[in-house]
Amino acid sequence: MPCLNEHCNTFHLVDVEELNDCEKSNKSIEIFLCDDCKSRKDNFHIIQCLSCRTIIDFLPILPDETASVIYIEKCLRCGGTIEDEISFLDSFYKFLYA
């Protein structure tokens with residue numbers, strides 16, 4: 001399957017059991033990322049579209065931060081605008097810009 005990161009053109013293998021587990025938990029995006037992008041999720045914030053679940057970008061974390069997922073309402077891929085991509089839903093992340 002293709003990597004969920006919109007800037008990555010890598011295909012990777014996914015086990016059917018992993019897909020079933022992901023469908024039940026509905027939380028993990030790890031299986032949808034290639035190995036390269038998966039390794040970045042510990043050192044970067046993930047900016048993800050809430051509508052289509054596409055990963056828009058990775059933002060480096062500061063030394064005292066913990067990596068997390070930052071959601072945007074819509075991205076260009078699902079009918080949003082650039083303004084939608086730079087407006088984060090959580091007010092905690094308003095100081096960040098994509």
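Rule-based calculations on the coordinates, nothing more; no lab input. Please read these numbers as outputs of a predicted model, since none were measured by experiment. All Cβ positions, even for glycine, are placed from backbone atoms using ideal geometry, and neighbour counts span all protein chains on display.
Tabulated results
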item: Estimated distance in nm for a label pair at Glu65 and Asn43, the labels positioned 7 Å out from Cα along Cα-to-Cβ; result: 1.5
item: Computed E for Cys52/Asp21 - FRET, C-beta separation, R0 30 angstrom, nearest 0.05; result: 0.90
item: Asp57 long-range amide H proximity, modeled H, under 5 Å; result: Ile47
item: Amide H partners (placed H, <5 Å) of Cys8, local residues excluded; result: none
